[in-house]
Amino acid sequence: MNALTYTAAIHSGRVQLVSLRQKSLTVARLRVLLVAAVFVAMAMAAIVRIGFLGVTGSGRAVTSFEDALLPSRGEITDRNGEPLARAFPAFALWYNPEALGEDNPLVRSPQAVAKELAAIFPDIDETELADRLAKGKAGYLRRRVLPEEANKVQAIGELALELPKETDRHYPQGSLGAHVLGYVGADGHGRVGMEAVLDKQLLDPATRGQPIPLPIDVRVQGALEDELTRGMRATNALGSAGIVLDVDTGEVLALASLPEFDPNHIDKAGVANMFNRVTNQVYELGSTFKPLTVAAAIDAGTITDLGRRYSARPYPLSGYTIKDSHDLGASLNTPEMLMHSSNVVTGHIVADLGTKRLKKVLVDLGMNERPHIELPAKGFPLWVGGDWPLLRGVTVGYGHGIAVTPLHLASAYAAMVNGGVWRPATMHKVEPGKAPKGRRVFKASTSAKMNQMLRMIVTYGTGRKANAPGFRVGGKTGSADKPAGGGYNRTSVVATFAAAFPMDRPRYVVIAMLDEPKGTVASSFQRTAAWNAAPVVGRLVPRIGPILGVAPDSSRDVDLSDLAPLVPQSKKP
């Protein structure tokens, strides 16, 4: 190779090397430009997205401070801070037939999956569940699933069984106080009880962070439900109802309607039991009205001498004959009438009082309108307007021909024993010194006299089985045949005992009612309130008295010395 050829080869190699370098630089520049273009495109997309969200306000939901820090629904407590209703995170069981994206949504057969779910949730109907799974329709299989249950569902290995997290409403006391609380529906709003009444406040971010106390005391509520259940089962009654009321504030310390329902598990049976017998059902409450009639007569001045004797023989009136269940003798005075529960003598007292004055007192006690309480279910009394003829007034005087709720009766008794002032019942806790003024219905002297006679009924009369040593219980029995077919069913009664304690300084009214109790061994085969409703109160008061600050004290009692000479029973050892 000559020198010229060698030189040309070297030059050619250098040209090739330069060309390769230029080509590499060009490729590098293109790559940089491509990456930059991608970043520019992404930045432009982000800017456009931000601008779109700014204009439309749409986008991914943002959790507010309130939602992050506060419960989704406020807590309800009893008067002492015990939780009655609260919200907490939970799981639900959702069936998603499209989870696998195939025609068959389940790996195994619907029957096999249903069997495994039934083992986790024993209350599930396995056959019905298998049918739902086979139909392949999306929906909830269960709304409340505990974490340990969720783990077991996951272990089944079916993708179609999803477990979305939800906020659940939990009632830690179970069915206790169910008719007071109500429940929360699938839409997140309260139903039936105070959940419905307080719905707005429980959902409002400004208020839902603070628990709302009710006047209910869970200890008193539990004792009331327990004793009513015992009385109902012992007499095979259809149902029962009861209330414990503060006579000075109108606060409801306990309210029970049985059979109950569980707000944690709303099913068909629960819905059927949601009817509130205390506030929504009206009854003819029988002889529990007699003390109210006597109080009206004392106040009006038509009874000035409690020793005055009235005929106890059958009383012909307007084509009817007023009579008692059994012979009570030729005559009775007023304390004896209440102790033995005479319809006849009550009729004579009403005849002296006059129907207009009796009607006015009952109106003042709220007997002509729905009961005053915040709960939404409130029954309207069976009340006859216009002027009452004497026969109407007489029957109303002993608790027939008028139908009211047990709550009406509780509020009326509170007015009769607290010094004569009627106040509305309330489901809101009343702060000390904040009780409503109320309206005067009876004179204070009349109230004091009625307290003596109510105590005598329990000491010597039909209410003896309600006597609780040391608690100075007073009250009145009432056994009323239930209306049927334009008349009365003589085999079905409503048995009620209306009580207060302690009678030397009444603080609480207690109503216990049994709907259609039967004569059983437990009630000595009797159906009247003296044998079934009165014992409920006699067992309940010693349980709740100490809780409410009323300690048993056998050294104290109502002074009956001025009435004792009028009642022969008081002279017996």
Determine the share of the range 434-573's accessible area contributed by carbon and sulfur atoms, expressed in whole percent, with a 1.4 angstrom probe. 53
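Full-extension gain between Thr167 and Ala435, please, as 0.36 nm times their residue separation minus the C-alpha to C-alpha distance.
The span from Thr167 to Ala435 would gain 92.8 nm if fully extended.
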When all C-alpha to C-alpha distances in the range 82-220 are sorted into bins of 5 Å, what percent of pairs does each bin hold, rounded to whole numbers? 2, 9, 17, 18, 14, 12, 11, 9, 6, 3, 1, 0
Report, in degrees rounded to the nearest 10, the 0 to 90 angle that the Cα long axis of helix 147-156 makes with the longest principal axis of the chain. 50
Filtered hits (lysines, Cα-Cα < 22 Å from Lys135, offset >= 8 within chain) -> Lys115
Just need the Rg to Rh number for the range 360-476, please, alpha carbons only, Kirkwood Rh. 0.99
Tell me the mean residue ellipticity at 222 nm calculated for the chain from its helices only (DSSP H runs of n ≥ 4, each -39500 (n - 2.57), averaged over every residue, nearest 500). -11500 deg cm²/dmol
If you roll a 1.4 angstrom probe over the protein chains with everything in place, what fraction of the accessible area of the range 208-367 belongs to carbon and sulfur, to the nearest %? 50
Scan the chain and hand back the longest stretch that contains none of the GluC sites (Glu not before Pro) lying in DSSP loops with at most 13 other Cβ atoms within 10 Å. 103-368
Roughly how many percent of the accessible protein surface of the range 79-144 is carbon and sulfur, given a 1.4 Å probe and a whole-percent answer? 48
With Val184 itself left out, Lys, Arg at +1 and Asp, Glu at -1 over residues whose Cβ is under 14 Å from its Cβ give +1
Need the list of lysines near Lys465 for cross-linking: C-alpha distance under 16 angstrom, and skip anything on the same chain fewer than eight residues off. Lys476
Counting only residues 5 or more apart in sequence or on a different chain, those whose built amide H sits under 5 Å from that of Asp168 are Phe88, Ala90
Kindly express, to the nearest 10 degrees and within the range 0 to 90, the angle between helix 126-135's C-alpha long axis and the longest C-alpha principal axis of the chain. 40
Looking at the chain only, what percent of DSSP beta bridges run antiparallel? Nearest 5 please. 95
Here the range 294-311 yields Karplus 3J(HN,Hα) values (6.51, -1.76, 1.60; θ = phi - 60°; whole Hz; Gly and Pro given as x) of 5, 4, 4, 5, 5, 4, 7, x, 7, 10, 10, 10, 5, x, 4, 9, 10, 5
Taking the Cβ of Arg507 as the centre, find all other residues whose Cβ is under 13 Å away and add up their charges (Lys, Arg: +1; Asp, Glu: -1). -2
Classify the chain from the C-alpha gyration tensor, please: rounded if a/c falls under 1.5, else prolate or oblate depending on whether a/b exceeds b/c. prolate
Keeping all protein chains in place, calculate the accessible area per residue for the chain (probe 1.4 angstrom), answer in Å². 48
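The values are calculated or read from the model by the stated rules, or taken from the named source; none is laboratory data. Keep in mind the model is a prediction, meaning the values are calculated, not measured. Cβ sites come from the backbone with ideal geometry, for glycine too, and all protein chains shown count toward neighbours. What goes into the accessible areas is simple: the full protein's heavy atoms, side chains included, and nothing from ligands, DNA or RNA. Shrake-Rupley method; radii C 1.70, N 1.55, O 1.52, S 1.80 Å.
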